[in-house]
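Here the structure is laid out as structure tokens; the discussion comes afterwards.
The values are calculated or read from the model by the stated rules, or taken from the named source; none is laboratory data. Here the structure is a predicted model, which is why all the values come from computation and not from measurement. Cβ atoms come from the backbone with ideal geometry, glycine included; neighbour counts cover every protein chain shown. Side chains included, ligands, DNA and RNA excluded: accessible areas come from the protein's heavy atoms. Shrake-Rupley method; radii C 1.70, N 1.55, O 1.52, S 1.80 Å.
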Amino acid sequence: MTYTVKGFAALSATQPLVPFNVPRRALRADDVQIDILYTGVCHSDLHMARNDWGVSQFPVVPGHEIVGRVKAVGSKVSKFKVGDLVGVGCLVDSCRTCNSCQHDLEQYCEQGSTQTYGGVDRHDHTPTYGGYSKEIVVSEAFVLSVPENLDTKAVPPVLCAGITTWSPLRHWNVGKGSKVAVVGLGGLGHMAIKLAKALGAQVALFTRSPAKSQDALRLGASQIIVSTNEEQMKAAANQFDLIIDTVPYSHDVSPYMPTLALDGTLVFVGLIGQHPEFSTAPLIFGRRSIAGSVIGGIKETQELLDFCGEHNIVSDVEMINMADINTAYERMLKSDVKYRFVIDVANTL
Ligand SMILES: [Zn+2]
Ligand SMILES: [Zn+2]
């Protein structure tokens, strides 16, 4: 039993996205049916649409930064009612029983979590389709409450870019007195600065382009370090408790390591793949660590949304029409967006 809603899909890796009728399942007892208002445009959307990771099954309906209102609920849904403002991020299911799932870490599900798009439903084995569509149907356990006081159209990126940086900030106990540095000022980096600052940390930005200084200061950084300037890098030695590296392509982190304090950690959140060789010396002579982190669990994502509600934090967004998605991808490739595109699904699809 399915129905279809209007959406946009990539039908192959080499064609632009086109209108597509997206199948949605009839509600199960624990399902929430959501009228989508806004969907953020993440770099993963582009990678999946173009099969950059070699795992895409076409058609691909991207979108995992989704905000909308509850249209209907299944017979056993207790957390949500019709009209509630809700969100769906990168995950729509997991095994719910493994060690990770039992500890609210569904993103690290040992069986592999079910992705919002490009995944396979655990019950009927149909492909999952994301938020470039008018509606989505998701189990209530993976639906989030969105605070009503926030600028709704700027909330979607919190669900991927936001949680990707929030989870390491929380895991490494960033708070008052912490010193955090962010590498790269894009969708992830701009959220990292806002969130670290709101947690009470002193925040620095490592950048190769001094032109980004003004923006970083506006977002909450108090220090800009031009990473190609040797003197500035030397002056930053032994400072940071946590460095969040958001750069999505292979790059050498050796220059950043000496800027970590004793026991400091550099965490990768953007780069998946090979890293150039580096010396272990700064790790050994400073008990420093290199780590990685991916999005966050449902409980932690709700904690982040509540925090954003309290501190009035949203993403910096540029609104686009659904039909402009292919142009938006081209601009995203050139980092020509401050700092996230959001599709006005309700009005333009
Ligand atoms: Zn994403
Ligand atoms: Zn699991």
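Here the Karplus curve 6.51 cos²θ - 1.76 cosθ + 1.60, taken at θ = phi - 60°, turns the phi angles of the range 291-302 into couplings of 9, x, 7, 10, 4, x, x, 5, 4, 5, 5, 5 Hz, with x standing for Gly and Pro.
Note down the magnitude of the dipole of the range 1-108 about its Cα centre, charges +1 on Lys and Arg C-beta and -1 on Asp and Glu C-beta and zero elsewhere, to the nearest 20 debye. It would help to have the intermediate numbers written out before the result.
Working: 11 positive and 10 negative charges, 87 e Å.
I would put it at about 420 debye.
Grab the beta carbon distance between Ala235 and Glu148, set R0 = 45 Å, and tell me the FRET efficiency rounded to 0.05. Display every interim value, and only then the final one.
On the way: r = 45 Å, r/R0 = 1.00.
Step by step, r from the Cβ atoms, then E = 0.50.
Kirkwood radius, the range 27-148, all distinct C-alpha pairs, inverse of mean reciprocal distance: 14.7 Å.
Would you work out which of Thr259, Asn326, Cys308 lies farthest towards the positive end of the dipole of the chain? Charges go on Cβ: Lys and Arg +1, Asp and Glu -1. Checked the options; the winner is Cys308. Between the amide H of Cys95 and those of Gln111, distances stay under 5 Å, these residues lying 5 or more places away or on another chain, with hydrogens modeled in the peptide plane. Based on the Stokes-Einstein relation at 37 °C and a viscosity of 0.692 mPa s, and on the Kirkwood radius from alpha carbon pairs, the range 148-253 is assigned a translational diffusion coefficient of 233 µm²/s. With a 1.4 Å probe and every protein chain kept in, tell me what percent of the accessible surface of the range 33-98 is carbon plus sulfur. Heavy-atom surface of the range 33-98 belonging to carbon and sulfur, 1.4 Å probe: 51 percent. Phi angles across the range 126-132 convert, under the Karplus curve 6.51 cos²θ - 1.76 cosθ + 1.60 with θ = phi - 60°, into 3J(HN,Hα) values of 8, x, 8, 10, x, x, 7 Hz, Gly and Pro given as x.
Mean separation of Cα pairs under 8 Å and 6 or more residues apart, divided by the residue count, gives the chain a relative contact order of 18 percent.
Placing +1 on the Cβ of every Lys and Arg and -1 on the Cβ of every Asp and Glu, with no other charges, gives the chain a dipole of roughly 220 debye about its Cα centre. Using only alpha-carbon positions in the chain, the gyration tensor eigenvalues give semi-axes of 35, 21, 19 Å once each is multiplied by 5 and square-rooted (largest first). When only the Cβ of Lys, Arg, Asp and Glu is charged (+1, +1, -1, -1), the dipole of the range 142-252 relative to its Cα centre reaches about 200 debye.
Taking amide H atoms as placed 1.01 Å from N in the peptide plane, the amide H of Thr116 lies under 5 Å from those of Leu91, Val92, each 5 or more residues away in sequence or on another chain. Calculated mean residue ellipticity, 222 nm, the chain: -6000 deg cm²/dmol, from DSSP H runs (n ≥ 4) at -39500 (n - 2.57) each, averaged per residue and rounded to 500.
At 1.4 Å probe radius, can you tell me the per residue accessible area of the chain in Å²? Before the final figure, lay out the partial values.
Numbers: 15340 Å² over 349 residues.
Roughly 44 Å² per residue, with all protein chains present.
Annotation: extensible slack from Asp121 through His311 equals 64.9 nm (criterion: 0.36 nm per residue apart, minus Cα-Cα distance).
Counted over the chain, the DSSP beta bridges are approximately 55% antiparallel. In order along the range 49-55, the Karplus-derived 3J(HN,Hα) couplings, from 6.51 cos²θ - 1.76 cosθ + 1.60 at θ = phi - 60°, round to 4, 9, 6, 5, 9, x, 10 Hz, and Gly and Pro are given as x.
In percent, rounded to a whole number, the relative contact order of the range 232-304 is 31, using alpha-carbon pairs under 8 Å and six or more apart.
Expressed as a whole percent, the proportion of Cα-Cα pairs in the range 195-340 lying more than 22 Å apart is 51%.
Applying the criteria of a DSSP loop state and at most 14 other Cβ atoms within 10 Å to the trypsin sites (Lys or Arg not before Pro) of the range 116-177 yields Lys176.
Considering only Thr116, Thr259, Thr164, the mean-square fluctuation computed in a Gaussian network model of the chain, springs between alpha carbons under 10 angstrom, is largest for Thr259. For the chain, modelled as a GNM whose springs connect Cα atoms under 10 angstrom apart, the maximal fluctuation among Ser279, Ser289, Ser222 occurs at Ser279. Packing, taken as the mean count of other beta carbons within 10 Å per residue, orders the peptides 30-40, 183-193, 312-322 from highest to lowest as 183-193, 30-40, 312-322.
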